[in-house]
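J.: The structure follows.
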Amino acid sequence: MRRRIAYGLAALSLAASGLGAGAAGEPNSSEAGITQKLNPSAAISTPRQPAAKPFQVGVASWYGDYFQGRPTASGELYDMHDLTAAHPTLPLGTLVRVTNLRNGRSVVLRINDRGPVVDGRIIDVTYNAAKVLDFKARGLTRVRLDLVPHQTLAMSRPPVALP
């Protein structure tokens, strides 16, 4: 078993270095005058994109069965099993990626209501969203909100076949 692992690691290292795949090694003495050595400091590198600034960071809570079936600010009926949320200022219909900063889980939610009404909270999510974000039992968690352009979400879905 150890021998198989050792052979596998050796094959991987050869493939990674390019020597096992028939790649040319260093130039021989007759080619040495023709070949130029590259200056490692002159290597082209792509600049790193700075991390996008979050729209908002703060405390999220969830709301559930007490509001089930009641009208939201958008006019639709509240469904605690939908992936929607309440935000005090974002336009209704806005998509936001909510990331739980305690565990890294995230979900895209549609703003369809106004709230939260408790000071210090930035968003109220549905019961189902709290389950996805894994903070249903805690009730509150620290989150990051990022705005999601509608075309980004549309591109992530497979095309729909028309009849």
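J.: Restricting segment 32-83 to residues that are in a loop (DSSP other than H, G, I, E, B) and among the β-branched types (Val, Ile, Thr), which is modelled with the highest pLDDT?
T.: Here the residue is 72.
J.: Now, a different point. Select from segment 59-73 the residues that are of a type in the set (S, T, N, Q) and surrounded by 15 or more Cβ atoms within 10 Å (Cβ to Cβ) and list them in ascending order.
T.: Those that are of a type in the set (S, T, N, Q) and surrounded by 15 or more Cβ atoms within 10 Å (Cβ to Cβ): 61, 72.
J.: Next question. Which pairs do you get when a residue that is surrounded by fewer than 21 Cβ atoms within 10 Å (Cβ to Cβ), found in segment 124-152, comes within reach of a residue that is in a helix (DSSP H, G or I) and modelled with pLDDT of 95 or more, reach meaning Cβ atoms under 6 angstrom, with the pair 6+ apart or on two chains?
T.: These pairs meet every condition: 136/130.
J.: Okay, moving on. Taking segment 87-109 as the search range and keeping residues that are more than 16 Å from the chain's Cα centre (by Cα) and under 18 Å from residue 54 (Cα atoms), which one is surrounded by the most Cβ atoms within 10 Å (Cβ to Cβ)?
T.: 87
J.: Can you tell me how many residues in segment 121-163 are at pLDDT below 95, among the aliphatic types (A, V, I, L, M) and within 26 Å of residue 69 (Cβ to Cβ)?
T.: So the count comes out to 1.
J.: Identify all residues within segment 110-123 that are crowded, with 18+ Cβ neighbours inside 10 Å and of a type in the set (A, V, I, L, M); write none if there are none.
T.: 111, 122, 123
The values are calculated or read from the model by the stated rules, or taken from the named source; none is laboratory data. Source: prediction; values computed, not measured. Glycine also receives a Cβ, built like all others from the backbone with ideal geometry; neighbour counts cover every protein chain displayed.
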